[in-house]
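Structure first, commentary second.
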Amino acid sequence: MRLRPYIANRGFKYISEWIDNERIHAFWCASLLPYPITQNSFHDLLKKNAIDWAEGAFVATENNGQAIGFFCYSVNPTDNMGFLKFVIVDKSKRGKGYGKEMLDLALQYAFQITGASAVQLNVFNENALAKRCYEKVGFVERRVERDVFKFKDELWSRCNMTILKQ
């Protein structure tokens, strides 16, 4: 597996195919984007986050170049804390270790290249598969905000997780 910067005219097609229902969409972006996502709304959000947070977008690929995952990453220079968000893996690869491998590479980048002392992310407790993946990588719960996100007739809790540089 490899990481590369997200390239707009090559990557959106894959991401839009991986987000194929409203629940996955809400898990992925907390409805910060309309469903279904459009290329314009997605790229506008990436541009805004790049300006506001110096956030970069990355794609994980198989060694042959096939896109299999996506995430965004930024580091806050004030507290030296990295932040991962919009993490998603190709739906055909979920539950097979690809997410863990992608996150391991993302953390190598965070700790070795950007020099972060810790990395955090948010995940809905209801997204059990993703939360287990984060725990396998070494993320631990820092705090849980109960019933903060409404999805249809459900209330979801948001869990902030962190991992420290080893």
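Are any residues in region 76-85 surrounded by fewer than 22 Cβ atoms within 10 Å (Cβ to Cβ) and either within 12 Å of the chain's Cα centre (by Cα) or farther than 20 Å from Leu32 by Cβ (or both), and if so, which ones?
Step one: of region 76-85, the residues surrounded by fewer than 22 Cβ atoms within 10 Å (Cβ to Cβ) are 76-81, 83, 85.
If the condition is that a residue be surrounded by fewer than 22 Cβ atoms within 10 Å (Cβ to Cβ) and either within 12 Å of the chain's Cα centre (by Cα) or farther than 20 Å from Leu32 by Cβ (or both), then Pro77, Thr78, Asp79, Asn80, Met81, Phe83, Lys85 are the ones that fit.
Scanning region 3-16 for residues that are loosely packed, with under 13 Cβ neighbours inside 10 Å and either over 10 Å from Gln39 (Cα atoms) or among the basic types (Lys, Arg) (or both) yields Pro5, Ile7, Arg10, Lys13. Picking from residues in region 87-128 that are assigned to a helix (DSSP H, G or I) and among the aromatic types (Phe, Trp, Tyr), the one that is farthest from Arg23 (Cα to Cα) is Phe111. Can you tell me how many residues within region 17-44 are crowded, with 18+ Cβ neighbours inside 10 Å and out of contact with any His (no Cβ under 8 Å at 6 or more places or on another chain)? So the count comes out to 7. For region 17-51: of the residues being modelled with pLDDT of 95 or more and of a type in the set (Gly, Ala, Ser), which is farthest from Asn122 (Cα to Cα)? Looking at the filtered set, the residue picked out is Ser41.
The helices (runs of 4 or more DSSP H) found entirely in region 3-86 that carry 2 or more residues being touching a residue at least 60 places away in the same chain (Cβ under 8 Å) are 8-18, 22-29. Taken over region 79-104, the residue count meeting the criterion of being of a type outside the set (Asp, Glu), more than 17 Å from Tyr14 (Cβ to Cβ) and modelled with pLDDT of 95 or more is 8.
Among the residues of region 124-166, those identified as without any contact (Cβ under 8 Å) to a residue 40 or more places away in the chain, within 14 Å of the chain's Cα centre (by Cα) and farther than 15 Å from Phe27 by Cα are Val137, Phe139.
The values are calculated or read from the model by the stated rules, or taken from the named source; none is laboratory data. Fair warning: this is a prediction, and the values are worked out from it, not measured in the lab. Because the Cβ atoms are built from the backbone with ideal geometry, glycine has one as well, and the counts that use them run over all protein chains shown.
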